[in-house]
Amino acid sequence: MCGIVGYIGKKQAAPILLDGLSKLEYRGYDSAGIAVYNGEKINMSKAKGRLKVLSELTHDGATLPGMIGIGHTRWATHGAPSDVNSHPHFNETKSIAVVHNGIIENYIKIKKMLEGKGYKFVSETDTEVIAHLLDYYYNGNALEAVTKVMHRVEGSYALGILFAEEPDTLYAVRKDSPLIVGKSEEGNLIASDVPAVLKYTRDVYFIDNEEIAVIKEDSMKFFNIYEEELTKESTHIEWDVEAAEKGGYEHFMLKEVYEQPKAVADTLNPRLKDGKVVVEELNMTDEEIKAIKKIMIVACGSAYHTGVTAKYIFEGLSRIPVEVDVASEFRYRNPILDEGTLVLIISQSGETADSLAALRMAKEMGSKVLAIVNVVGSSIAREADSVIYTWAGPEIAVATTKAYSAQLVAHYLLAMKFAQVRGTVDDAEMETLVADLKRIPEQIEMLLGNREKIQKFANRYVAAKDVFFIGRGIDYAISLEGSLKLKEISYIHSEAYAAGELKHGTISLIEDGTLVVALLTQDELFKKTVSNVVEVKTRGAVVLSVTNAGNTDIEKNSDYTIYIPKTNKYFTNSLAVIPLQLFSYYIALGRGCDVDKPRNLAKSVTVE
Ligand code: M6R
């Protein structure tokens, strides 16, 4: 949601903070700020708007000299985006500065208590209570003040804290919001996410819940909330710096769309051996796999959409009943789970608050939790019983593309593995599935080669007001993703509908010129969906169809047709989603939208 950076070392802090924030802007971008201790006091600059406003204001950090500092890029929760609500926040004497990611749920109560004691608040944020509360508890021992605050506040928080009275120490605290510490020769860093520190180091420590890092220029110590020192191992990050840069593409989204063949191949290849699926990380015996009575898939947004696709595949291949739910619903609906239920949590970031809460609930209810996660060492990855990583690399654009595609193939692998063990698919069919699976990366590559055709079509529809995506079965699942991709980056209203459901109300919205994107990749449902295409055409819709190579019949009823290469019926989502991603990208581009950072959104939703 928000991005935090901190630095202490031999170099000027402000340029490092601004650089780190530029790698975290995907987490929030409505305002930004930095605070740096200059040898006498803490100086602060904050500005509403994108990070570049702050960079200009501080002359790229030159106006804030000093070698220890903290920075923040904000996605507003409490208090509108404004200079004053931007982080960092000060206590009244400006001797303590705080940056925060998360939500302090009991801030009103604490604020009242502090106001009763004469504290004056200047912002509308929940974060400001932390600065004043630290001041209230500070008695010459910063660590003690920090732990007292942790005992007092409720909610989620990652904090970076500077004390003017301890100018050689940076404090970092975490509960339910991600925070890492990077160790380098030139000094040490804190950050919400790895890309912010990659330029300086690949050795990071993941701070766990209710832990505190006490960081000096050349050392660091970790404590729990009772001030007991902890031993921690560092993790070496394999991603290189370029992986988190645009690499010549106009936008991260386009770069990530083009990285899909690799993301998919990297996720598949290590798990395909001698014509069989091998998922060692699964950590389940054949007996345990045979004992699964139900699979419950829980996720948010696009990750949820991969779950909707997966339901058809798990049920089709391994004959295990599957339920899919969005995490924010699942966690409050008292679901029926037990030892026979395998819960699958899907997440790119591994930090999505609702998905994490769902994971914890499922574990408490006695189910085994398996996570499909992209970010190594993230909270969901660490708390799940087993984790299958999608090897998509860092995904920066808010609209997910390569992580989505990697999640899809992780589902395919799991469904095939379960089918193998449970004997629901014979050897010949498994061989065909594996062969089809291996072809997906090159087939995606082929589709990417068609980009100009899609761009031309998209250019004609930049002024569209409503776009409907329709399909049946897996095609419905693809529709959900196509529609979300379009609306989140282009701001065009769009809905996905199960094609057969359209005539139960929604078809009344179809009028002359309404754009309908029809997905027809499931051969046994082809004729049924064609009927729905005819229904909308009769009412004046312009239809773009996405179908399998060879289904030329559709051209009679369709204004434009995009063909995807032949693949197994279970894998068509991996191919059909590519033109839909490109279509959304070019429409958004044509409308002048900020493709990588759409309004009101953030990459990692670490608040409920
Ligand atoms: O990090 P996660 O995969 O848990 O994120 C889930 C959703 O927030 C995410 O997929 C979101 O819907 C994307 N912006 C869609 O492009």
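Side notes on the structure shown:
- Here is the figure for the range 33-50: residues that are hydrophobic (A, V, I, L, M, F, W, C) and crowded, with 22+ Cβ neighbours inside 10 Å total 4.
- One residue from Glu166, Glu185, Glu115 being surrounded by fewer than 17 Cβ atoms within 10 Å (Cβ to Cβ) and at pLDDT 95 or above: Glu115
Okay, residues lined up against (1) surrounded by fewer than 24 Cβ atoms within 10 Å (Cβ to Cβ); (2) farther than 24 Å from Asn101 by Cβ:
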residue	(1), (2)
Leu359	no, no
Asn374	no, no
Gly377	yes, no
Arg382	yes, no
Trp391	yes, yes
Ala403	no, no
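- Flag if Leu282 is closer than 23 Å to Ile380 by Cβ, touching a helix residue (DSSP H, G or I) at 6+ places or on another chain (Cβ under 8 Å) and modelled with pLDDT under 95: yes
- Of the criteria (1) buried (at least 20 other Cβ atoms within 10 Å of the Cβ); (2) of a type outside the set (Gly, Ala, Ser); (3) away from the ligand (no atom under 16 Å from the Cβ); (4) over 20 Å from Ser574 (Cα atoms), which one Leu447 fails: (4)
- Matching residues, the range 5-17, being in a helix (DSSP H, G or I) and more than 21 Å from Ser177 (Cα to Cα): Ala13, Ala14, Pro15, Ile16
- Of the residues making up the range 322-345, at least one is at pLDDT 95 or above and within 30 Å of Asp203 (Cα to Cα).
- Selection count where residues are modelled with pLDDT under 90, among the small types (Gly, Ala, Ser) and closer than 11 Å to Pro394 by Cα, scope the range 225-265: 2
- A search for C-beta distances below 7 Å between a residue of the range 395-406 that is touching a residue at least 40 places away in the same chain (Cβ under 8 Å) and any residue that is among the small types (Gly, Ala, Ser) and near the ligand (Cβ under 8 Å from one of its atoms), counting only pairs 6+ apart in sequence or on different chains, returns Glu395/Ala403; Thr400/Ser302; Tyr404/Ser302.
- Qualifying positions in the range 278-316 - under 24 Å from Glu495 (Cβ atoms), β-branched (Val, Ile, Thr) and in contact with a strand residue (DSSP E or B) (Cβ under 7 Å, 6 or more places away or on another chain): Ile297, Val298, Thr306, Val308
- Any chance Glu524 is over 28 Å from the mean Cα position of the chain (by Cα), part of a helix (DSSP H, G or I) and of a type outside the set (A, V, I, L, M, F, W, C): yes
- Filter result (assigned to a loop (DSSP other than H, G, I, E, B), under 22 Å from the mean Cα position of the chain (by Cα) and touching a residue at least 40 places away in the same chain (Cβ under 8 Å)) within the range 580-595: Cys593, Val595
- Scanning the range 65-96 for residues that are within 14 Å of Ala32 (Cβ to Cβ), at pLDDT 90 or above and among the hydrophobic types (A, V, I, L, M, F, W, C) yields Ile70, Val84.
- The set of residues in the range 321-335 being among the aliphatic types (A, V, I, L, M) and either within 16 Å of the ligand (Cβ to nearest atom) or surrounded by fewer than 20 Cβ atoms within 10 Å (Cβ to Cβ) (or both) consists of Val324, Val326, Ala327.
- Complete set of residues in the range 257-288 that are within 16 Å of the ligand (Cβ to nearest atom) and among the polar types (S, T, N, Q): Gln260, Thr267
- Residue that is farthest from the chain's Cα centre (by Cα) [pool: residues in the range 57-86 that are more than 19 Å from Asn43 (Cβ to Cβ) and surrounded by fewer than 22 Cβ atoms within 10 Å (Cβ to Cβ)]: Ser82
- Test for Asn459: is it surrounded by fewer than 18 Cβ atoms within 10 Å (Cβ to Cβ), touching a strand residue (DSSP E or B) at 6+ places or on another chain (Cβ under 9 Å) and in contact (Cβ under 8 Å) with a residue 60 or more places away in the chain: no
- Qualifying residues in the range 336-373 (those that are polar (S, T, N, Q) and near the ligand (Cβ under 9 Å from one of its atoms)) - the one nearest to Asn283 (Cα to Cα): Ser347
- For the range 289-302, a residue qualifies if it is free of Cβ contacts under 8 Å to residues at least 60 places away in the same chain, farther than 9 Å from Leu342 by Cα and either part of a loop (DSSP other than H, G, I, E, B) or away from the ligand (no atom under 16 Å from the Cβ) (or both), and exactly one does: Ala291.
- Out of Asn188, Asn209, sole residue that is part of a loop (DSSP other than H, G, I, E, B), assigned by TED's automatic domain parsing to the domain that holds Ala35 and either over 24 Å from Gln12 (Cα atoms) or polar (S, T, N, Q) (or both): Asn209
The values are calculated or read from the model by the stated rules, or taken from the named source; none is laboratory data. Quantities reported herein were computed from a predicted structural model and do not represent experimental measurements. Cβ coordinates were reconstructed from backbone atoms using ideal geometry, including for glycine residues, and neighbour counts include every protein chain displayed.
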